[in-house]
Amino acid sequence: YSKGTSRRTLLKVIVLGDSGVGKTSLMNQYVYKKFSYQYKTTIGADFVTRELQIGDKLVTLQIWDTAGQERFQSLGAAFYRGADCCVLVYDVNVLKSFESLNNWHLEFLKQADPANPHTFPFILLGNKVDVDGGHSRAVTEKRAREWCNLKGSIPYLESSAKEDINVDEAFLWVAQAALESD
Ligand code: GDP
Ligand code: MG
């Protein structure tokens, strides 16, 4: 792979957010089209891959998941190194996970140290919108969008790994943005 010069492109995607927000589930839904209520950690691999066609480019997304270390915010330099884009995730039913976003955003910028932090491709996902028919929501869409604007027009989508809502869209958006920011 040589980024930018050939039609094959490898993009490293980092998925970040508090433990339990659904990072692993979103990834499993996107790559394997599977959902489970059982807590699973990623075993034996630091990342999974999925290919997708964007225009004339065959893009390989290398999606990096955590195996629970996010509880301690200690993901290590290798996790962040060479990231092309970042998917931030919170749970719309858990206020704390929304309040943690500032830390995750800052931590990413500090660790990955992108050349241009203002235009680096992030996306924010408000996950688990299926829960309780929306009655247990703790964060409004408006409030989430305000946070995104404050951080420099980060795109926002509401998702469900369970119902497969906006999962393909999220990874496609962020991959497109990463290609454009090459
Ligand atoms: P992670 O710690 O961020 O990787 O979160 P997990 O993917 O392990 O998910 C934590 C729990 O939330 C698991 O029991 C999942 O089945 C559940 N979960 C994840 N996404 C969703 C969703 O969109 N809707 C619902 N109802 N449950 C979800
Ligand atoms: Mg996980």
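The values are calculated or read from the model by the stated rules, or taken from the named source; none is laboratory data. Owing to the predicted nature of the structure, the values given are computational and were not obtained by experimental measurement. Positions of Cβ are backbone-derived with ideal geometry, glycine not excepted, and every protein chain shown enters the neighbour counts. When the accessible area is computed, the model is the full protein with side chains, heavy atoms only, and any ligands, DNA or RNA have been set aside. Shrake-Rupley method; radii C 1.70, N 1.55, O 1.52, S 1.80 Å.
Here are a few things to note about the model shown:
- Of all residues in region 152-174, at least one satisfies being hydrophobic (A, V, I, L, M, F, W, C) and free of Cβ contacts under 8 Å to residues at least 40 places away in the same chain.
- Of the residues making up region 112-138, those that are assigned to a helix (DSSP H, G or I) and surrounded by fewer than 18 Cβ atoms within 10 Å (Cβ to Cβ) are Val131, Asp132, Gly133, Gly134.
- Filtered by the rule that a residue be hydrophobic (A, V, I, L, M, F, W, C), within 16 Å of ligand 2 (Cβ to nearest atom) and part of a loop (DSSP other than H, G, I, E, B), region 47-87 gives Ala67, Leu75.
- Just one residue in the set Ser19, Ser25 is in a loop (DSSP other than H, G, I, E, B), at pLDDT 90 or above and either open to solvent by less than 50 Å² (accessible area, probe 1.4 Å) or within 14 Å of ligand 2 (Cβ to nearest atom) (or both); that residue is Ser19.
- Filtering region 157-179 to residues that are assigned to a loop (DSSP other than H, G, I, E, B), among the small types (Gly, Ala, Ser) and out of contact with any Ser or Thr (no Cβ under 8 Å at 6 or more places or on another chain) leaves only Ser159.
- Failed condition for Ile154, given (1) in a loop (DSSP other than H, G, I, E, B); (2) closer than 22 Å to Leu26 by Cα; (3) open to solvent by 30 Å² or more (accessible area, probe 1.4 Å): (3)
- Verdict on Glu70 being open to solvent by less than 70 Å² (accessible area, probe 1.4 Å) and farther than 14 Å from Lys12 by Cα: yes
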